Amino acid sequence: MLLEFTKMHGLGNDFMVIDLISQKAFLDTLTIQRLADRHLGIGFDQLLIVEPPDVPSADFKYRIFNADGSEVEQCGNGVRCFARFVHERQLTTKTKIKVQTKSGIVEPELGPNGWVRVNMGYPKFLPQDIPFIAQDVENLYDIDLSNHEQLTIDVVNMGNPHAVTIVPNVISADVARIGPQVESHERFPQRVNVGFMQIVDDKHARLRVFERGVGETLACGTGACAAAVSGIRRGLLSNSVEIELAGGQLLIEWREGEVVWMTGPTATVYHGQLDLRYFQA
């Protein structure tokens, strides 16, 4: 069967987006992995699926699958692309929509030039909400790595789990070695996304993110939110901060006790069709 799809990205964090309202398909884990292959498939960090909502308060349901086929709760760059997709494909005429995700309702709003502002909801910090195994609630935690190393992290749930560590320089940060250790650390029973943040000044930080089930990506929206929130809580960042990732910048706004707002660009790369039979077992 022929399946229509769209390739999109937010700051280089790239997606395959499929409308399963006007067409029908079943994608199992192996099929998603084959589609994600950058040599033999379409290639993407995440697959985004548009479905009818299960709740009357939402306009759409939004499902997110990593390149390894695992389903995740939230994706900040993805929800911005999702908003642009449903508008471009004329699935809605609204510029502000309510989207049902695995972690709750998010509300993206389309602005000019492909930029989208998103209410990302309230950050969570308690270990059981990450989830993270800890005896006591702390502001920061030390976790053991290989070779008797310890890493100091903050933990934040932005719809999906994040560990944030401060580094002196993101360029020299050993993301490739430390990222996988933290992602699959025994204290994170559902694995975790790992952010390496360099504070430039109180309004500007640089960030690299090692995403669970994907590896390092050019950008991560929820990771930028988690990093900004962590920096604000530590008194290192202002309430409105630019987070600079390899793919570009996001504006994150947050005050204690309020929701997190994320604003950033989106891009549509191309539309296509594929014969799904070639990707199924």
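Could you grab me the full set of residues in segment 209-233 that are over 27 Å from Ala36 (Cβ atoms), open to solvent by less than 30 Å² (accessible area, probe 1.4 Å) and not β-branched (Val, Ile, Thr)?
Initial filter on segment 209-233 (over 27 Å from Ala36 (Cβ atoms)): 228-233.
Checking the rest, the ones that are also open to solvent by less than 30 Å² (accessible area, probe 1.4 Å) come to 228-232.
Selection gives Ala228, Ser230, Gly231.
Flag: Glu107 matches the condition of being farther than 18 Å from Arg191 by Cα and in a strand (DSSP E or B).
Matching residues to (1) touching a residue at least 60 places away in the same chain (Cβ under 8 Å); (2) part of a strand (DSSP E or B):
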site	(1), (2)
His9	yes, yes
Ile18	no, yes
His39	no, no
Phe44	no, no
Pro53	no, no
Gln74	yes, no
His87	no, no
Leu91	yes, no
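Given the residues Ala163, Ala205, Ala173, which is the only one that is touching a residue at least 24 places away in the same chain (Cβ under 8 Å) and under 17 Å from the mean Cα position of the chain (by Cα)? Exactly one of Ala163, Ala205, Ala173 is touching a residue at least 24 places away in the same chain (Cβ under 8 Å) and under 17 Å from the mean Cα position of the chain (by Cα), namely Ala163.
Being open to solvent by 40 Å² or more (accessible area, probe 1.4 Å), assigned to a loop (DSSP other than H, G, I, E, B), modelled with pLDDT of 95 or more and over 27 Å from Val260 (Cα atoms) is a property that does not hold for Arg34. Given the criterion open to solvent by 30 Å² or more (accessible area, probe 1.4 Å) and under 24 Å from Asp174 (Cβ atoms), identify the matching residue among Leu251, Leu245, Leu236. Within the list Leu251, Leu245, Leu236, the selection yields Leu236.
Residues checked against (1) under 19 Å from Met16 (Cβ atoms); (2) assigned to a strand (DSSP E or B); (3) in contact with a Lys or Arg (Cβ under 9 Å, 6 or more places away or on another chain):
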site	(1), (2), (3)
Val194	no, yes, yes
Leu237	no, no, yes
Leu251	no, yes, yes
Glu256	no, no, yes
His271	yes, yes, yes
Tyr278	yes, no, yes
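There is no residue in segment 134-142 that is at pLDDT below 95 and open to solvent by less than 30 Å² (accessible area, probe 1.4 Å). Only one of the numbered conditions (1) in a loop (DSSP other than H, G, I, E, B); (2) modelled with pLDDT of 95 or more; (3) over 18 Å from the mean Cα position of the chain (by Cα) is violated by Phe26, and that is (2).
Considering only residues that are open to solvent by less than 60 Å² (accessible area, probe 1.4 Å) and either out of contact with any His (no Cβ under 7 Å at 6 or more places or on another chain) or free of Cβ contacts under 8 Å to residues at least 40 places away in the same chain (or both), which ones fall in segment 188-199?
Phe188, Asn193, Val194, Gly195, Phe196, Met197, Gln198, Ile199
Identify, from the list Ile49, Ile64, Ile32, the residue that is of a type in the set (Val, Ile, Thr), without any contact (Cβ under 8 Å) to a residue 60 or more places away in the chain and under 24 Å from Arg208 (Cβ atoms). Ile64 is the lone residue from the list that is of a type in the set (Val, Ile, Thr), without any contact (Cβ under 8 Å) to a residue 60 or more places away in the chain and under 24 Å from Arg208 (Cβ atoms).
The values are calculated or read from the model by the stated rules, or taken from the named source; none is laboratory data. The shown structure was predicted, so the numbers you read here are calculated from the model rather than taken from an experiment. Positions of Cβ are backbone-derived with ideal geometry, glycine not excepted, and every protein chain shown enters the neighbour counts. Each accessible area value is taken on the protein alone, full model and side chains, heavy atoms only, with ligands, DNA and RNA left out. Shrake-Rupley method; radii C 1.70, N 1.55, O 1.52, S 1.80 Å.
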